[in-house]
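See below for the structure under consideration.
The values are calculated or read from the model by the stated rules, or taken from the named source; none is laboratory data. Just so you know, these numbers come straight off a predicted model, no measurement behind them. Here Cβ is always computed from backbone atoms with ideal geometry, including for glycine, and neighbour counts include all displayed protein chains. Quick note on the areas: whole protein, heavy atoms, side chains included, nothing else; ligands and nucleic acids left out. Shrake-Rupley method; radii C 1.70, N 1.55, O 1.52, S 1.80 Å.
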Amino acid sequence: MEEHHREMRALGGRLLDVFFGALGLTADQIAAGETERKIRETMMATMHLNLYPRCPEPERAMGLAAHTDSGFFTFITQSPVPGLQLLRRGPDRWVTVPAPPGAFVVVLGDLFQLLTNGRFRSAHHRAVVNRERDRISVPYFLGPAVAPLASAVPPGRKAAFRAVTWPEYMGVRGKALRTDASALALLQVAEEGEDDGMPPKN
Ligand SMILES: O=C(O)CCC(=O)C(=O)O
Ligand SMILES: [Fe+2]
């Protein structure tokens, strides 16, 4: 378990650098950036164990309802039984993620959308059940205290979201669930006529 934790955290660090690079940041900027430093210092992890027993009528049941994850990255280890589905937009449809042995699935969460000021979007996903086989998934969630990266905010614009810690954001998600609002929308500081960092409504 400790080894898994160590490896997952290291993977999270490497992936973060890859994404920072994709956002156009240089190694020097990553090393010097205040947001980047705070992310590494406050990164927390949690893990779930999900068991989806086989179901004779899978079309009448749902393993895990559609949602986005709250943190930065989720690394999902799963038994070789497909069940995870991602929402693809335009036209909206559920796509089953293959489950090859030894592979992780990486899911981006809401706080990553916040970090990138909406340039990378959190993925809507769900888990369906299988008619013949039990399925196990072990998602490992990584999340920090975070504010939008200055480099992700277009010049002359304000950040689309306010800063938040992961536990705070979990509280916001709870409130959003009770009021049927979008949790990220509750953190928005939108300006008139601006891309608000949220997916298009449909
Ligand atoms: O079972 C899966 O593959 C997905 C699990 C998941 O999305 C979650 O626990 O948040
Ligand atoms: Fe999830």
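What to note about this one:
- First in the range 91-111 and assigned to a strand (DSSP E or B) and open to solvent by 70 Å² or more (accessible area, probe 1.4 Å), second anywhere and polar (S, T, N, Q) and more than 16 Å from ligand 2 (Cβ to nearest atom), Cβ under 8 Å, 6 or more apart: none
- For the range 64-76, the set of residues classified as buried (at least 17 other Cβ atoms within 10 Å of the Cβ) and either within 20 Å of Leu114 (Cα to Cα) or at pLDDT below 95 (or both) consists of Thr68, Asp69, Ser70, Gly71, Phe72, Phe73, Thr74, Phe75, listed by residue number.
- Exclusive hit being away from ligand 1 (no atom under 16 Å from the Cβ), within 16 Å of the chain's Cα centre (by Cα) and not in a helix (DSSP H, G or I), set Arg131, Arg157, Arg119, Arg126: Arg119
Listed here are the residues, each with its yes/no results for (1) aromatic (Phe, Trp, Tyr); (2) more than 16 Å from ligand 2 (Cβ to nearest atom); (3) within 24 Å of Gly21 (Cβ to Cβ).
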{"site": "Thr77", "(1), (2), (3)": "no, no, no"}
{"site": "Gly118", "(1), (2), (3)": "no, yes, yes"}
{"site": "Asn130", "(1), (2), (3)": "no, yes, no"}
{"site": "Asp134", "(1), (2), (3)": "no, yes, no"}
{"site": "Val138", "(1), (2), (3)": "no, no, no"}
{"site": "Pro144", "(1), (2), (3)": "no, yes, yes"}
{"site": "Ala147", "(1), (2), (3)": "no, yes, yes"}
{"site": "Lys158", "(1), (2), (3)": "no, yes, no"}
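- Arg126, sole failed condition from (1) in contact (Cβ under 8 Å) with a residue 60 or more places away in the chain; (2) surrounded by fewer than 14 Cβ atoms within 10 Å (Cβ to Cβ): (2)
- Selection status of Asp28, more than 21 Å from His125 (Cα to Cα) and open to solvent by 80 Å² or more (accessible area, probe 1.4 Å): yes
- Elements of type strands (runs of 3 or more DSSP E) in the range 34-83, at least 1 residues being of a type in the set (S, T, N, Q) and under 18 Å from the mean Cα position of the chain (by Cα): 44-47, 50-52, 73-78
- Ile30 meets the conditions (1) in contact with a Leu (Cβ under 8 Å, 6 or more places away or on another chain); (2) of a type outside the set (Asp, Glu); (3) more than 14 Å from ligand 2 (Cβ to nearest atom) in every case but one. The failed one is (1).
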